[in-house]
1. Report the calculated FRET efficiency for residue 22 and residue 98 (r = Cβ-Cβ distance, R0 = 30 Å), to the nearest 0.05.
2. Below 14 angstrom from the Cβ of residue 24, what's the summed charge of the other residues (Lys, Arg +1; Asp, Glu -1)?
3. Under 10 Å from the Cβ of residue 81, count the other residues' Cβ atoms, weight Lys and Arg +1, Asp and Glu -1, and hand me the total.
4. Starting with the highest mean, order 108-114, 6-12 by the number of other Cβ atoms within 10 Å, averaged over the residues of each peptide.
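Every read-out reported here was derived from the displayed coordinates using simple, explicitly stated rules and does not represent laboratory data. Just so it is clear, the structure is predicted and the values come from calculations on it, not from any experiment. Counting neighbours? That spans all protein chains shown, and the Cβs are built from the backbone with ideal geometry, glycine included.
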Amino acid sequence: MGYSKLFGAVDLVYVPVKFSTMVGLGYAFVNWTTPEIAMQFMHTYGGFDSDMSPPFGVVFKATWSHCQGLENNVARYQNSAVMNSSVPASCKPVLLKDGCQILFPEPTKQLRKLRYRNLM
């Protein structure tokens, strides 16, 4: 599966960060538009290991999340503290349609403030 075929095949991306340092936690959640595309991506890129030595080398592992599907992922984050207005946009999940970012649905309840805790 080439990169051009992946364009438009992702509808949600979230890269969690440690908010005290604003550094990524080393993983991301990607929701593919179909299970077949997800399986093909995992088969093609799962276990990818770059030729470079650490710390620049990258080992990529793809696994299924406990939360599956766009509707379930939107519900997971829509009323999450990570969507609070105090959180920078670069730290929030992103919704995509045909490869272009679209607005995330408004929360349906008041969002609590994000609690900064020592993650990792």
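1. 0.50
2. +2
3. With Lys, Arg at +1 and Asp, Glu at -1, the neighbours total +3.
4. Result, highest mean Cβ count within 10 Å first: 6-12, 108-114.
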